[in-house]
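The values are calculated or read from the model by the stated rules, or taken from the named source; none is laboratory data. Just so it is clear, the structure is predicted and the values come from calculations on it, not from any experiment. Here the Cβ positions follow ideal geometry from the backbone for every residue, glycine too, while neighbour counts run over all protein chains shown.
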Amino acid sequence: MTDPAIATEAPLHAEFLREPWDGLGLPQEEALSYQRFGATFGIWIFIASEVLFFGALFLFYAAVRAEHAEAFATAARETNIVYGTLNTAILLTSGLSAAAASLASEHVPLRRLTQWCLVATATLGLAFLAVKGMEYRDDIAEHLVPGRGFKLPEPSAQLFFGFYWLSTGIHGVHLTVGIGLVARLIWIGWRHPERLPGNPQVEVTMLYWGFVDMVWLFLYPALYLVGRPG
Amino acid sequence: MSAPVSAGAVWRRVLPVWLGLMALLAVACALAYAPLGPWTAAVSFGIATTQAALVALLFMRLIEASALIRLTAACGLFWSAILFTLTFADVLSRLTRS
Amino acid sequence: MSTRVAESPASLADPDELALGLPESYLSAGGTLGSWLTSTDHKRIAILYALSVTLFFFIGGAAATLVRLELFTPQADLVGADTYNKLFTLHGVIMVWFFLIPSIPTTFGNFLLPLMIGARDLAFPKLNLASWYLNVIGGLITATAVLAGGIDTGWTFYVPYSTTFSNTAVTIGVLGVFVSGFSTIATGVNFIATTHLLRAPGMTWFRLPLFVWAMYTTSIIFVLATPVLALTIILVVAERSLGLPIFDPAKGGDPILFQHLFWFYSHPAVYIMLLPGMGIVSEVITCFARRRIFGYDFMVYALVAIAVIGFFTWGHHMFTSGMSPYAALIFSFLSFVVAVPSAIKVFNWTATLYRGQVGFESPMLYVLGYIGLFTVGGLTGLFLASIPIDVHVQDTYFVVAHFHYIMVGATVSAYFAGLHFWWPKFTGRMYPETWAKFAAVLMFFGFNLTFFPQFIAGYLGMPRRYHVYPPEFQVWNVLSSSGAAVLAAAYLMPLGYLTWSLFFGARAVNDPWNASGLEWRTTSPPPRVNFFGRPAVLAKPYNYHPEGAAPLHDEPRIPSQGSLT
């Protein structure tokens, strides 16, 4: 599993350098590398803020589950574990292609691999949304939307499904934003292929994608793995 | 920290992680049906935490990132912990009263 | 004083212009409206923010004026109950989210942070511009709520009233706040990255001006607290407009959980409103006392401590909510703890004055007022941190007076202090000092006349958010409303003379106050690229006199320094 450590390749595209990183008095390569670090740092700060955002959402889940354990378990059995597990597998695979794209984007010879991995990431993201759409359709048909005519009698079972629709909706919005960002990179890679390798925006987008993945990793047990035994 | 320069090197880095993630997914799914009593939540969220750690450390490359970036990621977790802990100090003590 | 300039000044934009050696400032680099609205120059964006923040200040102030007019008399004679509720809600929402939270960070922070660390711009200039647009769009959305009849829930929009019972434009109103939240998160990301990565050579962490530390710690709060508010707003909108059960007790929901989520953000938010002002005070008091700051390191630790510990104290807003008494005790203790770093700062500012050459220029008047008013506000905060006292005065005017002493007495005073101190730097003009001194003193008296009677009224039992009250409270309300009129005059005066100075004020030199800090080492106003050449830092901040030695009083207090170039 050793990686070849030495390779000669063309210098990364310097047009990515922008103000104020170009005013630091550093040689171009160093300035670009510093800018890239800045971009990575910036997106991680944003991810930290998103951790708080979803953390608050999970706090709501945890508090309500603690207060209504039984009704939660009863309600949670109604979620479709097949769709849920399938979607988790899809998203994890998209994380694979995203990580590959991020690594490949650092090297000019791997430009086509980067592009194809971006396409795979976006496609898997769309597949996730499609499966989710089918799942939503089934949920609506089974009267799992809180309100009048809700399937289960206990009022607090509706709280679980309130969380279900809200959290999957919010996750879906984040995923859609991610797909949009990846689509933008695909477009750049298609129209201006030389602007993809070394582009700091690839790593930033892939980090965002990884985070959206992580959120789902916690939503999966929260929504699909509760109350299953018995 | 040698960067991969061939496609094979890239896949050799990420595929094992993916296999681990999928294996954990299968375990989580299976254990959801096991009679673990009060441990089911801990087990399923514990597996999720492991998967998230793999994604963060290996897919999102925290393991080779600078200390500043790791500190940033840790701050997100630490502050979420404050939110959970102090809120639950209230929620749980109200639960035991009723 | 401690910088080195490596290259010669920039050349003129118009080669036919007579080269008087005057550099082109950021104000003249592009004169069209489009160049302003699409500029990624942090200085121009700061001016854009200053305009929007000022507009919101006067809208929120107008609402407050109507509130205080109504409260002249115990009966409801000016407005009805619903309108009154909408007025104080508007006042709170606009003042908190569209004035106080953005004010100092987005105006002074945007303008000064790169200058103070010797950088050319913020780390992500386009994100900075996007941040302004998000703020304005958020403001427009909330304004739409006002036009749609207003909101009557109070700025805290507690559930279940806001989700289930209120018939007003709650959803639109809180969505405006939601959008502007992204603006502040973006600013926070920008400031943190800039402070870490773009400091000039020699500008180590412990040579940073305290204003930069204040911006940095405030940005940490922006980034970590605001997302929780964003989610809380989503939960409220989901329950109110999408019909999902979240906090509804009939479905087993927990309204106190809303309060936890809301105050997890809103308590650190008050530190967002406080810390930047503290940064300004440190800059101004050192300059006009001609002294190094006393205890620089502990001033830094205090800022960090307030930012961090402030996240642990939110439950003190919920002592009377039905929260568990055990949790209440924890929050009460932590609230006492968070007062300690604030007190350290007050002691250090006071010690900074010792053996100084204290003058009473207008920025200094605002800052001296700040210290006194912040002390009163902070001490009354301690009273509120004590559960038995809080149970007595919760939801009375005592609480209203406490937070106005901090937010208006302290933060708004600091805002005006900074506005006057850096006005020459931002605009290249000097303002008329006598008018400024008069406005500062008038503001101090008007403020105390407005808010001190509210402590008394509240302690005697007058509830907040009531437009009708028992006649025994009238005397305090009349005093308070009269004070509000004085305060309004004191706020309008700077609007007048500062605007006058833009057209008729004397031209400012680079460093009219003979101050330390990199921002004074460039022209007033600065050129687009901030500095000529790349600054390097050779000494600690506030080097008004040698370390460890008292300043000599044999020189003029503020020798004029610098030229127009």
(message) On the basis of being at the interface with chain A (Cβ under 9 Å from one of its Cβ atoms), more than 19 Å from A:Val82 (Cβ to Cβ) and touching a His at 6+ places or on another chain (Cβ under 9 Å), does B:Val14 make the cut?
(response) no
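Which is among the aromatic types (Phe, Trp, Tyr), out of contact with any helix residue (DSSP H, G or I) (no Cβ under 6 Å at 6 or more places or on another chain) and outside any loop (DSSP other than H, G, I, E, B), of C:Phe182, C:Phe206, C:Phe157?
Going through C:Phe182, C:Phe206, C:Phe157 in turn, the sole match is C:Phe206.
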(message) Are there helices (runs of 4 or more DSSP H) fully within region C:24-130 with at least 1 residues that are closer than 16 Å to C:Met407 by Cβ and either within 14 Å of another protein chain (Cβ to nearest Cβ) or not polar (S, T, N, Q) (or both)? List them.
(response) C:42-70, C:81-93, C:101-104
(message) Looking at (1) away from chain A (no Cβ under 14 Å); (2) assigned to a helix (DSSP H, G or I), which one does C:Phe319 not meet, given that it meets all the others?
(response) (2)
(message) Name the single residue that is surrounded by the most Cβ atoms within 10 Å (Cβ to Cβ) among those in region B:1-33 being at pLDDT below 90 and assigned to a loop (DSSP other than H, G, I, E, B).
(response) B:Pro4
(request) Return yes or no: is C:Phe398 of a type outside the set (Val, Ile, Thr) and closer than 28 Å to C:Gly505 by Cβ? (result) no
(message) Every residue in region C:204-217 that is out of contact with any Ser or Thr (no Cβ under 9 Å at 6 or more places or on another chain) and surrounded by 24 or more Cβ atoms within 10 Å (Cβ to Cβ), please.
(response) C:Thr217
(message) From the list A:Leu185, A:Leu175, exactly one residue is assigned to a helix (DSSP H, G or I) and within 27 Å of A:Tyr136 (Cα to Cα). Which is it?
(response) A:Leu175
(message) Condition (residue is surrounded by fewer than 19 Cβ atoms within 10 Å (Cβ to Cβ), more than 7 Å from chain A (Cβ to nearest Cβ) and not in a helix (DSSP H, G or I)) applied to region B:76-90: is it met by at least one residue?
(response) no
(message) With the requirement that a residue be of a type in the set (Val, Ile, Thr) and farther than 30 Å from C:Met278 by Cβ, what does region C:214-253 give you?
(response) C:Ile234, C:Val236, C:Val237, C:Ile246
(message) Please go through (1) within 11 Å of chain A (Cβ to nearest Cβ); (2) at positive phi; (3) not hydrophobic (A, V, I, L, M, F, W, C) for C:His196 and return the number of the only condition it doesn't satisfy.
(response) (2)
(message) Among the numbered criteria (1) touching a Ser or Thr at 6+ places or on another chain (Cβ under 7 Å); (2) in contact (Cβ under 8 Å) with a residue 60 or more places away in the chain; (3) over 30 Å from A:Arg18 (Cα atoms), which one does C:Gly483 miss?
(response) (2)
